[in-house]
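The values are calculated or read from the model by the stated rules, or taken from the named source; none is laboratory data. Nothing here was measured: the structure is a model prediction, and the numbers come from that model. Note: ideal-geometry Cβ built from the backbone for every residue, glycine included; neighbour counts use all protein chains shown. Areas reflect the complete protein model, heavy atoms only, side chains present, ligands, DNA and RNA absent. Shrake-Rupley method; radii C 1.70, N 1.55, O 1.52, S 1.80 Å.
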Amino acid sequence: MSLNYHAPPKHWALRPGEVTLCSVPLAASPACITYFERSLVPRERDQALSFRTTALREAYVIARGTLRVILGRCVNLPAEDVPLVYGAYGKPLLTDKLPLDFNLSHSGGRALYSLSLDRETGVDLEKISTLPDCEKIAQHFFSADETRDLLSLPPDQRNEAFFACWTRKEAYIKACGEGLSMALDGFRVSLLPSEPPRLETPSDPRLWSLHDVSPAPGYAAALVTAGTAPRLHAWLFDDAEECAGYFR
């Protein structure tokens with residue numbers, strides 16, 4: 001069963017043992033986009049300029065600017081002063097050993113953010129599209145068991161199952177912070193519609209929990225957290241401007 005998203009509470013504080021998710025459509029006024037852009041550091045601005053279309057550039061600016069506003073609230077700093085760095089495999093992190101773990105993903109005009117005080121998190125969001133060759137992609141990247149499960153489904157169910165598998169695997173490697181340096185076929189996730197989310201990591205002795213966190217129809221999303229399953233809070237915003245106003 002997917003997680004239910006709600007409007008955020010009037011008052012909020014991040015607490016140990018909890019993970020907060022924020023689903024944010026990547027839309028904002030020109031003035032808000034300008035504010036987001038000014039909050040970015042040179043590396044992020046350069047990354048934004050590398051996109052070929054205005055829509056992709058704005059989506060990146062809104063997603064990263066919103067992240068900075070959210071984190072600024074958590075660590076009591078202006079968005080432009082949030083000490084973001086990037087790990088060896090591109091995962092954004094906070095410097096100064098601040099007690100906050102976070103992750104983000106965006107696809108199809110929507111972003112999803114995870115926040116935690118006391119555990120690693122990884123989140124992945126994908127807009128479900130039609131992939132005529134999803135079976136071939138699975139055979140190349142998925143484990144043998146995952147590919148077998150995918151091919152056991154009727155053809156009209158394979159596309160959605162493919163995205164369920166992909167987001168669950170991506171969420172795990174993002175939680176680990178190792179990016180695509182980790183072989184996708186070196187661990188297994190469940191993907192059959194009849195099965196609950198499950199993660200099997202034979203070479204990783206750490207305990208992880210896996211959650212289906214799709215924020216809207218037509219999207220697949222997964223959250224992986226270190227340790228036992230946390231208490232989840234899932235918030236839905238109308239757009240990035242509303243989200244920024246809530247956290248500022």
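By the gyration tensor of its Cα atoms, with a ≥ b ≥ c the square roots of the eigenvalues, what is the shape of region 65-126: rounded for a/c under 1.5, prolate for a/b over b/c, or oblate? If you can, show how the numbers build up before the last one.
Working: a/c = 1.64, a/b = 1.33, b/c = 1.24.
The shape class here is prolate.
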When all Cα-Cα pair distances of region 24-148 are considered, the percent exceeding 27 Å is 28 percent
Heavy-atom accessible area with a 1.4 angstrom probe orders HIS6, HIS233, most exposed first, as HIS6, HIS233
Under the 7 Å Cα-to-Cβ spin-label approximation, SER129 and PHE141 lie apart by a distance in nanometres of 1.2 nm
The farthest towards the positive end of the charge dipole of the chain, of the residues ALA222, LEU131, GLY186, given +1 on Cβ of Lys and Arg and -1 on Cβ of Asp and Glu, is ALA222
Place a point 7 Å from the Cα of LEU151 in the direction of its beta carbon; the residues of region 103-134 whose amide N falls under 18 Å from it are 132-134
The simple spin-label model distance between THR228 and ARG15, using points 7 Å out along Cα→Cβ, in nm, is 1.6 nm
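Taking 1 over the mean of 1/r across every pair of different Cα atoms in the chain, what Kirkwood radius in Å do you get? Provide the component values of the computation, followed by the final result.
Values: mean 1/r = 0.0538 Å⁻¹.
Taking every pair of different Cα atoms in the chain, averaging 1/r and inverting gives 18.6 Å.
Find out how many positive minus negative residues lie around ALA55, taking Lys and Arg as positive, Asp and Glu as negative, among other residues whose Cβ is under 14 Å from that of ALA55. Show your work: numbers first, answer last.
On the way: positive: ARG52, ARG57, ARG110, LYS127; negative: GLU58.
With Lys, Arg at +1 and Asp, Glu at -1, the net is +3.
Give me the net charge of SER29's neighbourhood, meaning all other residues with Cβ under 10 Å from the Cβ of SER29; Lys, Arg count +1, Asp, Glu -1.
Working: positive: none; negative: ASP239, GLU241.
Local charge sum for SER29: -2.
Please state the shape class of region 132-182: rounded when a/c is under 1.5, otherwise prolate if a/b exceeds b/c and oblate if not, all from the C-alpha gyration tensor. Show your work: numbers first, answer last.
Working: a/c = 2.46, a/b = 2.04, b/c = 1.21.
Prolate shape, in that a/c is at least 1.5 and a/b is the bigger ratio.
Taking all protein chains together and a probe of 1.4 Å, list TYR172, TYR89 from the most accessible to the least accessible. Working shown, then result.
On the way: TYR172 10, TYR89 135 Å².
Ranked from most to least accessible, the order is TYR89, TYR172.
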Everything considered on the Cα gyration tensor (a ≥ b ≥ c; rounded for a/c under 1.5, else prolate if a/b is larger than b/c, else oblate), region 193-244 must be described as prolate
Carbon and sulfur atoms account, in whole percent of the 1.4 Å probe accessible area of the chain, for 53 percent
Shape descriptors of region 117-212 over alpha-carbon atoms, Rg and Dmax in angstrom, are 13.1, 42
With a Förster distance of 22 angstrom and the Cβ-Cβ distance between LEU98 and ARG43, calculated FRET efficiency to the nearest 0.05 equals 0.70
So, with points 7 Å from each Cα along the Cβ direction, the ARG248-GLU178 label distance in nm works out to 4.1 nm
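Using the Cβ atoms and a cut-off under 12 Å, what net charge is assigned to the surroundings of HIS233, where Lys and Arg are +1 and Asp and Glu are -1? List each step's numbers first, then the result.
Numbers: positive: ARG15, ARG231; negative: GLU18.
Value of the local net charge: +1.
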The alpha-carbon center of region 61-130 and that of region 156-234 are separated, in whole Å, by 18 Å
